[in-house]
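The values are calculated or read from the model by the stated rules, or taken from the named source; none is laboratory data. Fair warning: this is a prediction, and the values are worked out from it, not measured in the lab. Virtual Cβ from ideal backbone geometry, glycine too; neighbours counted across all protein chains shown.
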């Protein structure tokens, strides 16, 4: 374990798999105590054990952050148990794309709930604690790092509501950056292309076939590639704010 994030506490949503899981391991390597938030209790508890077995510190918190009260309670628990909150990584996501006529409203609602409301509820609850950390931390800064997507930059047929949710994450992150930057609270957004995670497994039927064809021949990014970018942001000195990072697979030209 290294120590660039020693004495910091990082909240990571979507920690049960994919980018969230890889991020937890990466930030723990940097010395952060990681608060692992996800809906699958067995997964976040297993990850907490992995972190501690590797010499790090972790707290597993099974929670659904699409519920505002649950998100607020999660942040409260982290601060009560760990004493502070320095870094928030919103990595939870849902992608249920496809033909808009066939699509179900509950699937659209799920994408908005996870991708937008979950981010909104966590940030709202975390803000006072992050501002406190920015004033008191040795590194003199705190961070919110939101995972958007290249779908938050470029609209595509059959991706309307996922596009809308990720455009929203990108826009909200920039607005928060402007609002809180002069208080040493940095907001950053990462917009990955195709990453080899469970997200693609959420697709069904025609949408799954279309996604498979679209990404045929593309060597997808690994979750660790995004975790490295997150670590770069979080370990940057106070003077350097990384506002936005776009990461595509080398083979992805869209």
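So which residues in the range 66-83 are outside any helix (DSSP H, G or I) and more than 24 Å from residue 107 (Cα to Cα), if there are any at all? Write out each step before concluding.
Residues of the range 66-83 outside any helix (DSSP H, G or I): 66-67, 83.
Within the range 66-83, 83 is the sole residue that qualifies.
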Looking at (1) in contact (Cβ under 8 Å) with a residue 40 or more places away in the chain; (2) out of contact with any helix residue (DSSP H, G or I) (no Cβ under 9 Å at 6 or more places or on another chain), which is the only condition residue 161 fails?
(2)
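With respect to residue 68, determine if the residue is under 30 Å from residue 160 (Cβ atoms), surrounded by fewer than 17 Cβ atoms within 10 Å (Cβ to Cβ) and touching a helix residue (DSSP H, G or I) at 6+ places or on another chain (Cβ under 6 Å).
Details: under 30 Å from residue 160 (Cβ atoms): yes; surrounded by fewer than 17 Cβ atoms within 10 Å (Cβ to Cβ): yes; touching a helix residue (DSSP H, G or I) at 6+ places or on another chain (Cβ under 6 Å): yes.
It is true that residue 68 is under 30 Å from residue 160 (Cβ atoms), surrounded by fewer than 17 Cβ atoms within 10 Å (Cβ to Cβ) and touching a helix residue (DSSP H, G or I) at 6+ places or on another chain (Cβ under 6 Å).
Residue by residue, here is whether (1) out of contact with any strand residue (DSSP E or B) (no Cβ under 6 Å at 6 or more places or on another chain); (2) at pLDDT 85 or above holds:
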{"position": "211", "(1), (2)": "yes, no"}
{"position": "218", "(1), (2)": "yes, yes"}
{"position": "221", "(1), (2)": "no, yes"}
{"position": "226", "(1), (2)": "no, yes"}
{"position": "235", "(1), (2)": "yes, yes"}
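Residue by residue, here is whether (1) surrounded by fewer than 18 Cβ atoms within 10 Å (Cβ to Cβ); (2) under 19 Å from the mean Cα position of the chain (by Cα) holds:
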position	(1), (2)
47	no, yes
50	yes, no
53	yes, no
63	no, yes
73	yes, yes
87	no, yes
Qualifying positions in the range 29-47 - closer than 14 Å to residue 88 by Cα and in contact with a strand residue (DSSP E or B) (Cβ under 6 Å, 6 or more places away or on another chain)
32, 33, 34, 35, 36, 37
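Here is a list: 37, 44. Which entry is under 27 Å from residue 232 (Cα atoms) and in contact with a helix residue (DSSP H, G or I) (Cβ under 8 Å, 6 or more places away or on another chain)?
It is 37.
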Selection from the range 9-34 of residues that are in a loop (DSSP other than H, G, I, E, B) and either modelled with pLDDT under 95 or touching a helix residue (DSSP H, G or I) at 6+ places or on another chain (Cβ under 7 Å) (or both)
14, 15, 16, 17, 30
Specify the residue that is modelled with the lowest pLDDT; the eligible residues are those in the range 121-153 that are surrounded by fewer than 17 Cβ atoms within 10 Å (Cβ to Cβ) and assigned to a helix (DSSP H, G or I).
136
